[in-house]
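The values are calculated or read from the model by the stated rules, or taken from the named source; none is laboratory data. Treat the numbers as computed from the prediction; the structure is a model and nothing was measured. Counting neighbours? That spans all protein chains shown, and the Cβs are built from the backbone with ideal geometry, glycine included. Calculation scope for accessible area: heavy atoms of the full protein, side chains included, ligands and nucleic acids excluded. Shrake-Rupley method; radii C 1.70, N 1.55, O 1.52, S 1.80 Å.
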Amino acid sequence: MLAARAAARQVPRSLGRRTFASVQDAPLTKKVEMTNWEKGHFINYGKMHENLQIVRSRLNRPLTYAEKILYSHLDDPHGQDIERGKSYLKLRPDRVACQDATAQMAILQFMSAGMPSVATPSTVHCDHLIEAQIGGEKDLERAYNINKEVYDFLSTSCAKYNIGFWKPGSGIIHQIILENYAFPGGLMIGTDSHTPNAGGLGMAAIGVGGADAVDVMANLPWELKAPKVIGVKLTGKMGAWTTPKDIILKVAGILTVKGGTGAIIEYHGEGVNNLSCTGMATICNMGAEIGATTSVFPFNDRMYDYLAATKRTAIGDFAREYAAGLREDEGAEYDELIEIDLNELEPHINGPFTPDLATPISKFKEAVKANNWPVDLKVGLIGSCTNSSYEDMSRAASIAQDALDHGVKSKAVFTVTPGSEQIRATIERDGQLKTLEDFGGMVLANACGPCIGQWDRRDVKKGEPNSIISSYNRNFTGRNDANPATHAFVASPDLVVAMSLAGTLDFNPLVDTLKDKDGNDFQLKAPGGAGLPANGYDPGQDTYQAPPEDRAQLNVAVSPTSDRLQLLEPFNAWDGKDALDLPILIKAQGKTTTDHISMAGPWLKYRGHLDNISNNMLIGAINSANGEANKVKNFTTGETDAVPATARDYKKKGIRWVVIGDWNYGEGSSREHAALEPRHLGGLAIITRSFARIHETNLKKQGMLPLTFSNPEDYDKIQPADKVDLLCTELAVGKPMTLRVHPEKGGDTFDVSLSHTFNEGQMEWFKFGSALNMMAKKNAA
């Protein structure tokens, strides 16, 4: 039975686990390196166990696994206030990871802090700036030429500040982390929303904005509102066509894009042991689409096997010694419990336009017809950080080989994105890559590519309705190809290959037949493939740059005439007064993701230049006044103009402004540019029905006011042309703030109550003008 239960429930006593050695049976003080790529950075299970014992003595209750990870990393386990969903935890992460698009701004901010090197082990991964066009090798060469200035900046700054640097072509950040840096029980933050991928190795890996990363790099505690914990109990075993991807597609349908907000998703139950480590990573990766803080699985033998296969047996052995700390306690309580019987779980397809519209394969044809979705399938895409493991590629290749054996190939355009150089080299050696190419696949670079909009797509015109299907994680309007008429569906690699072969959405490989080269009917065999390579992984080309020991003489230069990079100027501090007679720059209606606020795709090249990238601010948001994007009225001129141009005009005239937003404003990517841009162009506050977690924090860090309507229905009372007063002097912990509304049409002024989640420390960010301003002033003192 598939069931979602909202009441808190207890974990069953027996989950069919193997019994590992307990903490008492083995010393936890041994020195085991976190990674093979660094020296002197050790896994500190001893300290983690000590912290947990302190917290246990205070709470006196069973703990979930998610709680164990967080509480074992508390900066002050004795004094920290701990209440799920309410307290702000001060934590000490083990690692920081940045991808190249967000690393530029993070490092520029770190340079402003004036420190000689990072205090926490950190890495930068070049994966976002490579556009898919004609194939991996040529696309990579083109990216090197176009992005040379940015790559040189990242390479030299990483060398200067003692940061590991993974060059273009090395692979997608999350795959590299899983292969080299993730470890059970660890806590990591990453400047990408799909950082939770490392939960497949039992790590709490959390997506953040660059300002949060800078705090941790600078040896400050990292602050996180104590998440609630949603349990997902898995029982049974998946059918032949069902994959781990279908578990998260089902969970997304249950919880929706905002159902996981403020919570960690914790998987448990005997069904967990029937999943591969990389399959668990897939599930955790896409947990970002339901707003979850992160997702985790308890340590088990499948994780040990993966650690051994990636030359980290010492970490696996150490984790077995700490195994009691790497799973939930008996009797641990969840704030919500979902139960999924894997025996009954069908393959799912989610979309279009949102990752939580979940349809089981048995009902998909009916949904296509009922919704009049374009039935012809134009493109199938497999790979990405979500589904590019050896197991994924092996299963996909088995389906492709079955088709080739019947003399047929993909009818749709078909692309393959290896998640890392290690995966690419291994599947090239073992033959899966050739099979996928023979099937009709174009092999793209080891990078994000079309998943994040880095796709020079030319087979359809912009505005032409069409359907694509991918094994990616996110499918918001226009995300993959900048075409708002593209119906993007998300599924497992298995279904993507099968439907690409059919060339239509009107196909169910579990029951339908296809025609072979002679016109005879045949049914695809169930996919199969090894979870780990029998001959080990082939590392492929060496793409890692370790920081040098002598870094003192290294210089990091930023040209003042560059259009790609720009040194940051401090934002102005709050003037201590209420803000009066503010215009509403835009009242956004409906879904407003970070893609709507700060688009990716071709704009990625400006991620290191705040002023240039601000020209994309809110150009995708729908204006409630006219139902159009990027058309707002400038109240000073009466003219209609683009959102960024109007904001720039207000800024030039000294006019601060606010944005009114709808539900779950800022969902999607972790990109802090969606917070930096409105701050740079003169914004004071973003006022919404609700926020996505990362975006709310990013706004606070940049000195803006993320506020929510205490009564969500008040959103409807405010019109786009109204003026407002924001009584900033009322800002206080746990107390509402007043928004005074002056209707454009001369009606009576009225007050609206606004809520917020600021604590005392975060209020200082607003008063100083940003968290970075506060840090710089304290370092200078």
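The table below gives the values:
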{"read-out": "Accessible-area order (highest first, 1.4 angstrom probe) of the listed residues 303, 238", "value": "238, 303"}
{"read-out": "Entries of 233/735; 365/605; 651/745; 462/525; 138/258; 167/258 with Cα pairs more than 31 Å apart", "value": "233/735; 365/605; 462/525; 138/258; 167/258"}
{"read-out": "Size descriptor, Kirkwood hydrodynamic radius, that averages inverse alpha-carbon separations across segment 26-125, Å", "value": "15.9"}
{"read-out": "DSSP-loop trypsin sites (Lys or Arg not before Pro) across segment 705-781, with at most 11 other Cβ within 10 angstrom", "value": "745"}
{"read-out": "Where trypsin sites (Lys or Arg not before Pro) fall in DSSP loop in segment 214-295, at most 15 other Cβ within 10 Å", "value": "237"}
{"read-out": "Orientation-averaged projected area, Cα convex hull of segment 205-276 (nm²)", "value": "6.6"}
{"read-out": "Dipole magnitude of the chain about its Cα centre (Cβ charges: Lys, Arg +1; Asp, Glu -1), debye to nearest 20", "value": "820"}
{"read-out": "Largest to smallest accessible area among 655, 177 [probe 1.4 Å]", "value": "655, 177"}
{"read-out": "Radius, Kirkwood style, for segment 579-780 when every pair of distinct Cα atoms is counted (Å)", "value": "16.9"}
{"read-out": "Among the listed pairs 587/767; 378/591; 653/717; 653/723; 369/515, those beyond 19 Å (Cα-Cα)", "value": "587/767; 378/591; 653/717; 369/515"}
{"read-out": "Heavy atoms of residue 669: accessible area, 1.4 Å probe, square angstrom to 10", "value": "20"}
{"read-out": "When segment 157-270 is reduced to its Cα atoms, the Kirkwood hydrodynamic radius in Å", "value": "16.3"}
{"read-out": "Under 24 Å from residue 30, Cα to Cα: lysines that are on another chain or at least 8 residues apart", "value": "39, 47, 68, 311"}
{"read-out": "Percent breakdown of C-alpha pair distances by 10 Å bin, ordered from the shortest bin, for segment 348-522", "value": "11, 41, 36, 12, 0"}
{"read-out": "Antiparallel bridge percentage (DSSP; both residues within the chain; nearest 5)", "value": "40"}
{"read-out": "Matching label, Rg and Dmax of the Cα atoms in Å computed from the structure shown, candidates [x] 57.9, 207; [y] 33.0, 128; [z] 25.3, 80", "value": "[z]"}
{"read-out": "Normalised contact order of the chain, rounded percent, pairs of Cα under 8 Å and 6 or more residues apart", "value": "14"}
{"read-out": "Contact order normalised by residue count of segment 260-397, Cα under 8 Å, 6+ apart, percent", "value": "20"}
{"read-out": "Segment 568-637: trypsin sites (Lys or Arg not before Pro) in DSSP loop, at most 11 other beta carbons within 10 Å", "value": "577"}
{"read-out": "Probe 1.4 Å - accessible area at residue 459, Å² to nearest ten", "value": "80"}
{"read-out": "Accessible surface, per residue, of segment 483-620 when the full set of protein chains is kept, probe 1.4 Å, Å²", "value": "45"}
{"read-out": "Alpha-carbon spread of segment 65-328, three principal axes, descending order, Å", "value": "51, 51, 39"}
